[in-house]
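Working notes, structure below.
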Amino acid sequence: MNVRELCESDIKEALDLVWTVFSEFEAPEYEQDGIDEFKRFISLSAINEMRVSGELRIWGLYDEEMLAGVIASRGPSHISLLFVHKEYHRRGIARALLAVAEEFCRLSGRSEITVNSSPYAVEVYHRLGFVDTDKEKVINGIRFTPMKYTIKS
């Protein structure tokens, strides 16, 4: 398995993976306005704009040629996307991707990573070592629980 930062030519494949996983595991927990908001957030134009500006960095984990998972960091310390292909769930992919984000965060001088976890992913983030920082919220139809992870020195 190989993790690398994604380049422009990889982004469509990554967003297709994100949308497929979101549609199956996340969308059933959302109202239509939340689904529409998420779809706008992961549009190719929006993601490329954030990438080009430096606001967003995206890494993918490949199993040979197969993209198994994706993680995106907004700024140095906020996970904005973490999605793993259904066939790769419970195989350490999320943990491997988190390690990349953790290293990026550490190199940026930060000691904490934050995430706004979807209802489906709360338990996954707990297993990864995140703790809730507030109760579930809904903004623009997106349901999430704010969480943080403290990087061990």
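The values are calculated or read from the model by the stated rules, or taken from the named source; none is laboratory data. What you are looking at is a predicted structure, and each value in this text was computed from that prediction instead of being measured. A quick note on method: Cβ atoms are made from the backbone with ideal geometry, for glycine too, and the neighbour counts reach across all protein chains shown.
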Please return the ranges of strands (runs of 3 or more DSSP E) entirely within the stretch 45-153 where 2 or more residues are acidic (Asp, Glu) and touching a residue at least 40 places away in the same chain (Cβ under 8 Å).
none
With the checklist (1) touching a helix residue (DSSP H, G or I) at 6+ places or on another chain (Cβ under 8 Å); (2) hydrophobic (A, V, I, L, M, F, W, C); (3) under 25 Å from residue 148 (Cα atoms) in hand, flag the one item residue 99 doesn't pass.
(1)
Scan of the stretch 65-81 for residues that are within 19 Å of residue 152 (Cβ to Cβ) and either modelled with pLDDT of 95 or more or among the acidic types (Asp, Glu) (or both), ordered by number
71, 73, 78, 79
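Which residues, taken from the stretch 14-59, are among the acidic types (Asp, Glu) and surrounded by 15 or more Cβ atoms within 10 Å (Cβ to Cβ)?
Scanning the stretch 14-59 gives 26, 37.
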Conditions (1) among the hydroxyl-bearing types (Ser, Thr, Tyr); (2) modelled with pLDDT under 95; (3) surrounded by 13 or more Cβ atoms within 10 Å (Cβ to Cβ) -> residue 62 fails only (2)
Please enumerate the residues belonging to the stretch 11-33 that are at pLDDT below 95, in contact with a strand residue (DSSP E or B) (Cβ under 7 Å, 6 or more places away or on another chain) and part of a helix (DSSP H, G or I).
29
